[in-house]
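The values are calculated or read from the model by the stated rules, or taken from the named source; none is laboratory data. These numbers come from a predicted model, not from an experiment. Cβ: placed from backbone, ideal geometry, glycine included. Neighbour counts: every protein chain shown.
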Amino acid sequence: MKNLDLSLYVISGQCFTPDRELLKVMEDALAGGATVIQLREKNMTVREMVEVGSKLQELARRYCATFIINDHVDVALAIDADGVHLGQDDLPVGEARAKLGAKKIIGLSTHSLEQALAAAALPLDYLGVGPVFTTPTKPEALPVGLELVANVSRRLTVPFVAIGGIDETNLEQVLDAGASNVAVIRAVVAAEDVVGAARRFKARIAAKKA
């Protein structure tokens, strides 16, 4: 398994902060302690993703963090991103691994214990488990709740990040359920003080692991 710190995984969300410059927001997240950043912008063209992604990869390296591209294996390859995060309906993990090679990181979203158990046998590096709570990022998705987080924590050894509607008011519940790593969008990127929000998340996650 790769040496991968998933503790605080911050995903871009320009739809929540259209008046802010994406690169600045993500650099602030890194400055606050994000260990992974992901470019997830559904309205970007492939060309735009390559341009922005190249700059985010440089930022991530400067902060000794990991940079992940959402969905697009071709973009991840084009800019030498650290890896890619796939959904259940995206390119199969085996095919993504064949394209990316053994050294790149692959994550996969899972929404049930069955999906998580099946994913654990695939050539990937981590799972996303959620949405734990209701989230405007995917309003059509039913929340899986804390029970799934607890079950995955008990039954699987593959690293995972809890995701979906997690903020400072419910973070402790997610950590108590067994998550060691959390992925957030709005709770950090839409915060008035992005650096401060990331720093608070990171401190509480670290305290739980101590």
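In the stretch 170-193, the residues that are farther than 22 Å from K209 by Cβ and in contact (Cβ under 8 Å) with a residue 40 or more places away in the chain form Cβ pairs under 9 Å with partners that are assigned to a helix (DSSP H, G or I) and among the small types (G, A, S), at six or more places apart or across chains, as follows: V189/A29; V189/A197; A190/A197. Mind checking whether some residue in the stretch 124-145 is over 16 Å from the mean Cα position of the chain (by Cα), within 24 Å of T35 (Cα to Cα), modelled with pLDDT of 95 or more and assigned to a loop (DSSP other than H, G, I, E, B)? Scanning the stretch 124-145, I find no residue that is over 16 Å from the mean Cα position of the chain (by Cα), within 24 Å of T35 (Cα to Cα), modelled with pLDDT of 95 or more and assigned to a loop (DSSP other than H, G, I, E, B), so the answer is no. Within the stretch 100-116, the set of residues being loosely packed, with under 15 Cβ neighbours inside 10 Å and assigned to a helix (DSSP H, G or I) comprises just one member, E114. Of the residues making up the stretch 45-69, those that are assigned to a loop (DSSP other than H, G, I, E, B) and either in contact with a Ser or Thr (Cβ under 7 Å, 6 or more places away or on another chain) or among the β-branched types (V, I, T) (or both) are T45, A65. Residue-level check: of (1) of a type outside the set (G, A, S); (2) without any contact (Cβ under 8 Å) to a residue 40 or more places away in the chain; (3) within 26 Å of P18 (Cα to Cα), K104 misses just (3).
For the stretch 1-44, the candidate set comprises residues that are among the aliphatic types (A, V, I, L, M) and assigned to a helix (DSSP H, G or I); within that set, the residue that is nearest to C64 (Cα to Cα) is L30.
The residue list A183, A206, A197 contains one member that is loosely packed, with under 15 Cβ neighbours inside 10 Å and not in a loop (DSSP other than H, G, I, E, B), which is A206.
Residues in the stretch 168-178 include at least one that is in contact with a helix residue (DSSP H, G or I) (Cβ under 6 Å, 6 or more places away or on another chain) and small (G, A, S). In the stretch 163-180, the qualifying residues are those that are among the aliphatic types (A, V, I, L, M) and in a loop (DSSP other than H, G, I, E, B), and the one that is farthest from the chain's Cα centre (by Cα) is A177.
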